[in-house]
1. Quick one: which residues, 5 or more positions from H8 or on another chain, have an amide H under 5 Å from its amide H? H modelled 1.01 Å from N in the peptide plane, none for Pro or chain starts.
2. Output the 0 to 90 degree angle, nearest 10, between the alpha-carbon long axis of helix 634-651 and the longest principal axis computed from the alpha carbons of the chain.
3. So what is log10(I(q)/I(0)) for the stretch 408-452 at q = 0.21, 0.26, 0.27 1/Å, when the Debye sum runs over its Cα atoms only?
4. Kindly provide the helix-only [θ] at 222 nm of the chain, computed as the sum of -39,500 (n - 2.57) over DSSP H runs of four or more divided by all residues, to the nearest 500 deg cm²/dmol?
5. Using all C-alpha to C-alpha distances in the chain, build P(r) with 20 Å bins and read off the rounded percent in each one.
6. Give the long-range amide H neighbours of V329: residues separated by 5 or more places, or on another chain, with amide H under 5 Å away, using H modelled in the peptide plane at 1.01 Å from N.
7. Give me Rg/Rg_expected for the stretch 274-353, where Rg uses Cα atoms only and Rg_expected = 2.2 N^0.38 Å with N residues.
8. How would you order 66-76, 640-650 from highest to lowest mean count of nearby Cβ atoms within 10 Å?
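Every number in this text was worked out from the coordinates using simple rules, so none of it is lab data. The model shown is predicted, which means the values in this text are computed figures rather than measured ones. Counting neighbours? That spans all protein chains shown, and the Cβs are built from the backbone with ideal geometry, glycine included.
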Amino acid sequence: MTTGQHRHNLPAEPNGFFGRDRDVAEIRQLLADNRLVTLCGVGGIGKSRLATQVALRAADDFADGVRMVQLAELDRPEHVDSRIAATLGVLEEPDRPLRATMVAALRDRRMLLLLDTCEHLIEAVADLVRALITSGTRLRVLATSRETLRVPGETVWRVPPLSCPNPAMPIEPGQLDEVLSHGAIELFCARAAAVRPDFDTTPDTIGAVVDLCRMLDGIPLGIELAAAWVRVLTLDQILDRLSDRFRLLTRGDRAAPARQQTLRATVDWSHDLLSDAERTLLRRLSVFSGWSLDIAEEVCGDRSLPREDVLDLHTSLLDKSLVMFDGEVDGLARYRLLDTIRHYAAEQLAASGEETALRDRHRDYVVADCERSTAAGFRRGTPWRQQVRTVRRGDYEQGNLHAALNWSLAGGATEQGLRVCNALRTYWVLRGRFTEGALWLRRFLERDTSRVAPAVLGEARIRYAELAFDLGAREDLAAVAADGLALAREHAAPAVVASGLSALAMQLARTASLDRALELAEEAVRVSERSGDRWEEAFALGIAASVLARQGRLEEAERANHAAIRAFQDVDNQWGVARGLAGLGTLAMVRGDLSAARARFEEALPLARSIGAAPEIARCLAQTGRVLTEQSDYARARELLVESLRLSKATGQRLAVARSLEALASLAVREGQPERAALLGGAASRLRDESGQLSRNGDRLLAAAVARLGDEAAKDAWERGRGLGTEDAVAAAVEFPGPPVSGPPLSAAELTPREREISALLAEGLSNRAIGERLFISPATVARHLANIMRKLGLRGRTQVATWALREGLSTERRRE
């Protein structure tokens, strides 16, 4: 029996341990059920530290204690047995193999053996562990390695990076506690405070800390090395220098092994253990932001690295924790490199002389794949679920798309870049990424296009005119569309001609050339009918309906909308159906039939949400908000209008932002907030001026404000609104406090038991993090519950919820429970 101070030989913890409590608990459970658990992960991910923590906390589970064997500095496989035996206190016997003596000595011991850093001695360690755990001993083995031991009975636990906030979710005011609860952020802040005691995180600095931790992939070694620089650099300076991270992150703990003192040394350690073929594949994989195996085989395979070898080499890199499994998408396993490994591998690729060939192959694959996906994803007869998958595939291929476009731009491959842009048109439209698409097209169209095939060039000009329509582009987009249409008529397919006619019709309708716009839209319908392209036919019918509505021909507009819906239904495109329904809703609003309008918008909204079509979602939300304003449901109207405003801002559509601001200004008039109405109306008028489209709402809003405030005060608020940038205007619209909640007193019965419990704790002054710890849930879950509470009760912040909870006696109720 091991007693007291001799229960383990684990090193003392030099400083705090962050972000791994759940991991520790899970691994302890695995050890209770399995003889061998191997912690695998890339260098610097924190395998040794995690294993040490597990062993410390599990020491009482093992009657004969815990013994740790550090193998990092051992360089001879034949010395593995003697090193482990010496640590365990097993002495070699004459005429008997040391391994046999070890097995016999350990047979009756209830012990945990921690073998740290096994990858460079993997075969020798695996051979010994196999002998120990299959010989009937009661031993448990916890190993750390960059690749698995591949021993029967081994349970592999992949060590993840420390958690960081989701990069797709902006940090909102009041979320500081939630952000600080992430392991990577905790670690950085603690290590920074250790080297600079006055270091503190505030709402102004937390964004830079989050960006640092994201750039370093949540890898503890990189975070600790970066945090050490706060002694001499600001957070922004560290961020700037992280583009050359292997030079910056060079000063670690002098007491640590050499391989852990710098980020480069850590990655070098892994790289040096690879075969030549593995190194070749690793550096070639750096051209991807993410990939599936078939893509890796096509782009990375060649005469020097046969395609048929890629599978085995890829599996080996995965086993060595250099390639990361990134989930399953559409039935295919996806993989990626951590950003730190990708930077390193990209350096190796540049030094190898292969970079140009590999990036050309990657670009050519992206071009072909985009054109193939577009043709397959939106042709007639393609089920809606397949169309949705095609659009979602565009989401997770963004990194590869941008890499191919940037490489095309840098290398003068203008035609290839334009082909990618043309193929992405439907994706950009459905996702509302108008700014992104227009910017890429503009970059290529500004280059020398003399060698670009006329069909490609004509389509690109049409796509640019479409995507830049609502962005306030300074150039004459009607002329751009006309040039593209002229080329398309001579060189391109009918679908492109129809698209060019529609694009030009949209531009002319904006300049009030309604008769000519209708002629072009109707020609687009005829061209599409002749070619059997129901998608372009439906799109053109929608434009015709819009023009007819502006001419006051409401019955004809309604018939055109119904025809567009039928055409979109024929090709099973629910996005288009949503557009048509929203058009019918707008016509119902013009007729004054608010109930019918609301029904149409509410029918369209779930169809738009099914594919994440931000522009259509924003449109339906805004129009429903206007209807609810007219129906005096102000709280719900504000909620929908704010959501619409945020979506419109995210897509970069100035006109959509202006419309949402005008709708919120109209709501402010109805709620008796004339100054706010004038402010938001002025902000909307500036955006409309920049977009070159006037509004009929501006004069009405200003007149309403003048009637309440007087001429001078109203015009002053209007001008202040015109002076706001888009960011500030949106912030003013979103953050401006609404009126006091009216109606009957709100009851706690409106909430679930969990929501009442959270309200009570909020009334006691606890933060989201403290509430989460009390209830054993994450701070993010607390935040979601709090959002639901505010939505149900019509309240506007934590203070209002706390006040309401106190008034309801919830904190007292909780204490009684």
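1. Long-range HN contacts for H8: V66.
2. The two axes meet at around 70 degrees.
3. The Debye formula, applied to the Cα set alone, gives -0.64, -0.89, -0.93.
4. Calculated from helices alone, the mean residue ellipticity at 222 nm is -20000 deg cm²/dmol.
5. Here the calculated profile for the chain is 13, 37, 34, 14, 2, 0.
6. Correct list: R334.
7. So the Cα radius of gyration is 1.00 times the expected 2.2 N^0.38 Å.
8. 640-650, 66-76
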